[in-house]
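A short write-up of the structure that comes next.
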Amino acid sequence: HVSDRHEILAMYQGFGTHYVDLWVGTPPQRQTVIVDTGSGVTAFPCSLCDDCGSERYHTDSVFVEAKSKTFQPAPCDKCTLGPCGSLGQGDLDGVCLVAKRYEEGSTWKAYEGIDWCYPGGPHDEALEDDGKLREVEAAAAAAADGADPGLAESFRFPLRFGCQTMVTGLFKTQLADGIMGMENVRTALWAQ
């Protein structure tokens with residue numbers, strides 16, 4: 001969490017929503033997420049999510065946990081998004097479970113994951129430096145106003161998110177892959 005610096009992000013218009021790019025993992029995988037001011041959790045489909053709409057509707061493929069060198073499920077003694085339990089899928093027993101239901105009827109279920117993330121950056125390609133900015137870039141990033149998308153990786157932080165295993169309703173058919181909760185709570189992306 002970098003409290004004394006601010007980043008300016010590009011926001012894209014979807015079908016009735018607005019979304020931003022999150023680059024998650026090492027190496028980064030793009031996940032587009034709608035901006036939701038009525039919730040406080042960021043979540044998107046992961047590899048255990050069958051029939052999540054990704055191939056047919058979403059901007060990106062599901063997040064593949066195994067492709068990230070830095071992904072880890074949140075341990076049960078460190079749950080922040082929901083209670084500890086069994087997912088009933090794969091070998092994920094003793095994980096932090098998350099489930100959300102929205103007023104219009106859409107729902108999702110997930111387990112809590114933790115991985116490095118940076119918002120923004122170039123829309124079509126990841127900034128790959130495994131989190132180790134060269135000294136010149138780090139100095140430029142520290143002095144920058146947060147508007148240069150090429151320095152977005154300098155804003156990397158460990159994101160706690162819902163690694164979705166099931167979605168219904170609009171979460172299947174929306175253009176964006178997932179959701180970014182911006183409510184005024186400690187679990188919101190901006191507060192992490």
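For segment 17-28, the tally of residues that are in a loop (DSSP other than H, G, I, E, B) and within 18 Å of Arg160 (Cα to Cα) stands at 4.
Any residue at all in segment 69-83 that is under 11 Å from Gly113 (Cα atoms), within 14 Å of the chain's Cα centre (by Cα), among the hydrophobic types (A, V, I, L, M, F, W, C) and open to solvent by less than 50 Å² (accessible area, probe 1.4 Å)? Yes; the residues of segment 69-83 include at least one that is under 11 Å from Gly113 (Cα atoms), within 14 Å of the chain's Cα centre (by Cα), among the hydrophobic types (A, V, I, L, M, F, W, C) and open to solvent by less than 50 Å² (accessible area, probe 1.4 Å).
Take the conditions (1) at pLDDT below 90; (2) closer than 20 Å to Glu65 by Cβ; (3) assigned to a helix (DSSP H, G or I); Leu151 misses just one of them, which is (2).
The C-beta contact set for segment 52-79 (first residue in contact (Cβ under 8 Å) with a residue 40 or more places away in the chain, second residue basic (Lys, Arg), distance under 8 angstrom, 6+ apart or interchain) comprises Cys52/Lys172; Gly53/Lys172; Tyr57/Lys172; Thr59/Arg30; Asp60/Arg30; Ala74/Arg160.
A quick yes/no check of all residues on (1) modelled with pLDDT under 90; (2) among the hydrophobic types (A, V, I, L, M, F, W, C); (3) under 13 Å from Arg160 (Cα atoms); (4) not in a loop (DSSP other than H, G, I, E, B):
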position	(1), (2), (3), (4)
Arg30	no, no, no, yes
Gly40	no, no, yes, no
Ala43	no, yes, yes, yes
Asp50	yes, no, no, no
Gln89	yes, no, no, no
Leu92	yes, yes, no, no
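Here the condition is being under 24 Å from His58 (Cβ atoms) and either modelled with pLDDT of 80 or more or of a type in the set (Gly, Ala, Ser) (or both); of Glu125, Glu103, it holds for Glu103 alone.
The values are calculated or read from the model by the stated rules, or taken from the named source; none is laboratory data. Source: prediction; values computed, not measured. Positions of Cβ are generated from backbone atoms using ideal geometry, with glycine treated the same way; all protein chains shown enter the neighbour counts. Surface areas here come from the heavy atoms of the whole protein model, side chains and all, with no ligands, DNA or RNA. Shrake-Rupley method; radii C 1.70, N 1.55, O 1.52, S 1.80 Å.
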